[in-house]
Amino acid sequence: MVTLAGGLEDPSAEVLTEAAAAFGLLASSARLHIMWALSQGESDVTHLADRVGGALPAVSQHLAKLKLAGLVRARREGRRQIYYVDDPDIVTVVRVMVGQLTARTVPAVHSTASRRS
C-alpha cells in the first residue's frame, strides 16, 4: 500500500473490486432510485414499485441483486418482506451523490427559465 501525503493509504485491490461492483450496481438508474427511496425509509416491494414507477417483478429482481451485494437488507413482517438500508455510510453516499447532481441541475434549469422571461 502507498501512503499519500494526507495520511490515507491506497485501498487493496480486493476493496477496489468490491467498491467497483457496488458502484456498478448503482449505475442502474432504477436501482439508484430504489436506493434513494430506501435511504428515506424502509418499504415493501409493492410501495417501492409504485414509488419508482417500476413493474413489481423488475423491482423485486433489483432488490435481490442489491441484497446479494449487501447494500440492502430485508426482514419479514407477516407475509411481506420489508427492505431497508442499514449502513448509514451507503445512505450518505447515495444522498450526497444525488443531492450534488440535483444541486447542479436546479440552477441550470432556473437560469434557463429566467433568461426566457
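The values are calculated or read from the model by the stated rules, or taken from the named source; none is laboratory data. Being a predicted model, the structure only gives us computed values, none of them experimental. Virtual Cβ from ideal backbone geometry, glycine too; neighbours counted across all protein chains shown. To get the accessible areas, we keep the full protein, side chains included, count just its heavy atoms, and leave off ligands, DNA and RNA. Shrake-Rupley method; radii C 1.70, N 1.55, O 1.52, S 1.80 Å.
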Report task. Run Gly70 past the list (1) of a type in the set (Gly, Ala, Ser); (2) surrounded by 11 or more Cβ atoms within 10 Å (Cβ to Cβ); (3) over 13 Å from the mean Cα position of the chain (by Cα) and report the number of the one that doesn't hold. Result -> (3)
Requested in this report: Output the residues belonging to segment 41-67 that are open to solvent by 60 Å² or more (accessible area, probe 1.4 Å) and either acidic (Asp, Glu) or within 24 Å of Ala21 (Cβ to Cβ) (or both).
Outcome: Glu42, Asp50, Pro57, Gln61, Lys65, Lys67
Query raised in the report: Residues in segment 8-20: is at least one closer than 18 Å to Tyr84 by Cβ and outside any loop (DSSP other than H, G, I, E, B)?
Result: no
Report summary line: Just one listed residue, out of Arg51, Arg31, Arg80, Arg76, is in contact with a His (Cβ under 7 Å, 6 or more places away or on another chain), basic (Lys, Arg) and modelled with pLDDT of 90 or more, and it is Arg31
Query raised in the report: Which is loosely packed, with under 10 Cβ neighbours inside 10 Å and either more than 13 Å from the chain's Cα centre (by Cα) or aromatic (Phe, Trp, Tyr) (or both), of Arg79, Arg75?
Result: Arg79
Query raised in the report: Among the listed residues Gly54, Gly70, which satisfies the condition of being closer than 19 Å to Val85 by Cα and in a loop (DSSP other than H, G, I, E, B)?
Result: Gly70
**Report entry** Pairs, first among the basic types (Lys, Arg) in segment 21-44, second assigned to a helix (DSSP H, G or I), C-beta under 9 Å, six or more apart
**Finding:** Arg31/Leu25; Arg31/His62; Arg31/Leu63; Arg31/Lys65; Arg31/Leu66
Report summary line: A careful count of residues in segment 9-27 that are farther than 12 Å from Ala69 by Cβ and open to solvent by 60 Å² or more (accessible area, probe 1.4 Å) gives 9
